[in-house]
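Scroll down for the structure; my scribbles are underneath it.
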Amino acid sequence: MDSASVTVSPAPAVQYLLRIGDTALILGQRLGEWTGHAPVLEEDIALANMALDLVGQARAVLTYAGSLESQNLDEDQLAFLREERDYRNVTLVELPRGDFAVTVLRNAMLATFFRLLWQRLLHDSSDAELAAIAGKAIKEARYHQQHAADWVVRLGQGTEESRRRMVAAVDQLWRYSAELFSDDAVDEQAAASGLGPRWSELKPQWETEMGAVLQHAGLEAPAPGKFLSAGKRGQHSEHMGYILAEMQYLQRTYPGGEW
Amino acid sequence: MAAEERVRRAWDVLDTVLDPEVPALSLRDLGIVRDVIDHGAELEIVLTPTYSGCPATEVIERSVLDALQAEGLAPARATLRRAPAWTTDWISDAGRRKLREYGIAPPGPVMPDEGVPIRVFRRETAVACPHCGSLHTEKLSAFGSTACKALHRCLSCREPFEHFKPI
């Protein structure tokens, strides 16, 4: 494998898959940062396990996205050799891991989103490969969602300090959920071809489920604002370059390195 | 060797290849071998992954091919079939017994709950202790030493044990 950057096709189907695969990949990378650093051993193991599931899902989706490319890119080329603007993850997953409150809230937001997305893909996608990947991933997403939601409730109803941190996490992260549900031509094409739903279609159920979690936790969702991040369109936050530098260092320095 | 005979022998070999992470179970017990197909020139072993990120998947493929070669059944290749997704319901009765003997509580039946919202306050179904059989147990950790297990402890005999999560 060469260390030169690869570029990907602007074809909407490829872009739709990259949004899914990259979101799982970058969240997996962020959760991996907790390994050896989580507040208790059980959560260290939990976060590493969830990271493993997410990276596994990303591998399957990126492998499939690469196979649709005329250049036939493999999962490693896609994961390690793209330039920042060619990553299609939502901005929410690239934000720094923050404290444990930020981590569990983000996990709850993303796992809820992924469970709803995989469910639609499993049952409605016209693409057999994507539906098959979804059939496996939905079982994992559901377990992640339950675990993360339990923590949001526990911290929201915990001590004065844990509650203060949960309130701050909601204040920091909630605005980034708007991007998940903002459609564009990629969504329209996916819906038209039957590949997958417009992501906006997942919004009502996501709001219902996240609303129930916040309510049990004694937290309140901020009123919708005008802020709209655009990571899935390639316009990332300042945090993206740093995480990619860490992820890509080895493959850029030792092209094709394996161990 | 006739095709039928080759396929039957391959299944027997797969019953001796152990899961690297839960070595109490053979791949056949685990239910991840979906098919064995004789193509004349080679055998095709169709496997399905347990978890998306299970790091054992590649080791398993290699040990399958090594075992078949050792029994004179090469050439063979392993292929991946994702759908239908693996479920712990496919673990054989013998596999469940072996898990219990190994000290891992086997999974209960899987509930069709993928589309049902999670419950913020839920009651856990009691998992029977694989050591003393008591239902007086509690979950210590939702995740365990491998992706497929959670950690529990028995409040009767006080032993910790792992539970194979139903998925």
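Taken together, the values in this text are just the output of simple stated rules run on the coordinates, not laboratory data. Since this is a predicted model, take the numbers as computed values, not measurements. Here the Cβ positions follow ideal geometry from the backbone for every residue, glycine too, while neighbour counts run over all protein chains shown.
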### Query
Antiparallel as a % of all DSSP beta bridges within the stretch B:3-86, to the nearest 5?
55
### Helix A:12-32 vs. chain A, principal-axis angle (Cα, 0 to 90°, nearest 10)
50
### Volume in Å³ per residue [convex hull over Cα atoms, computed for the stretch A:107-183]
77
### Task
With N set to the residue count of the stretch A:125-259, report its C-alpha Rg divided by 2.2 N^0.38 Å to two decimal places.
1.31
### Message
Return the Rg/Rh ratio of the stretch B:99-164 with Cα-based radii and a Kirkwood Rh.
### Response
0.99
### Task
Would you order A:86, B:113, A:187, A:22 from fewest to most other beta-carbon atoms within 10 Å of each residue's own beta-carbon?
B:113, A:86, A:187, A:22
### Summary
Net charge (Lys, Arg +1; Asp, Glu -1) of residues whose beta-carbon lies under 14 Å from that of residue A:241, residue A:241 excluded, is -3
### Task
Could you work out the mean projected area of the convex hull around the alpha carbons of the stretch B:57-158, in square nanometres to one decimal?
9.2
### Query
Quick one: helix A:41-67 against the long Cα principal axis of chain A, what's the angle to the nearest 10°, folded into 0 to 90?
30
### Query
What relative contact order, as a whole-number percentage, does the stretch A:12-253 give when Cα pairs under 8 Å and 6 or more residues apart are counted?
25
### Message
What's the longest uninterrupted piece of chain A once you rule out the GluC sites (Glu not before Pro) that are loop residues per DSSP with at most 16 other Cβ within 10 Å?
### Response
A:84-219
### Query
Share of Cα-Cα pairs in the stretch A:17-150 beyond 25 Å, in percent?
24
### Summary
The value for the stretch A:12-253 (convex hull of the alpha-carbon atoms, volume per residue, Å³) is 115
#### Entry: Residues A:166, A:109, sorted so that the one with the fewest Cβ neighbours within 10 Å comes first
A:109, A:166
### Summary
The pairs in A:136/A:232; A:139/B:98; A:203/B:149; A:136/B:98; A:136/A:226; A:232/B:139 lying past 30 Å Cα-Cα in this model are A:203/B:149; A:136/A:226; A:232/B:139
### Nearest-ten-degree value, helix A:128-156 long axis tilted from longest Cα axis of chain A
20
### Task
Could you list B:93, A:150, A:183 in order of exposure, starting from the residue whose Cβ has the fewest other Cβ atoms within 10 Å?
B:93, A:183, A:150
### Summary
Given unit charges at Cβ for Lys, Arg (+) and Asp, Glu (-), the dipole magnitude of the protein assembly as shown about its Cα centre in debye, nearest 20, is 1120
### Task
With N set to the residue count of the protein assembly as shown, report its C-alpha Rg divided by 2.2 N^0.38 Å to two decimal places.
1.02
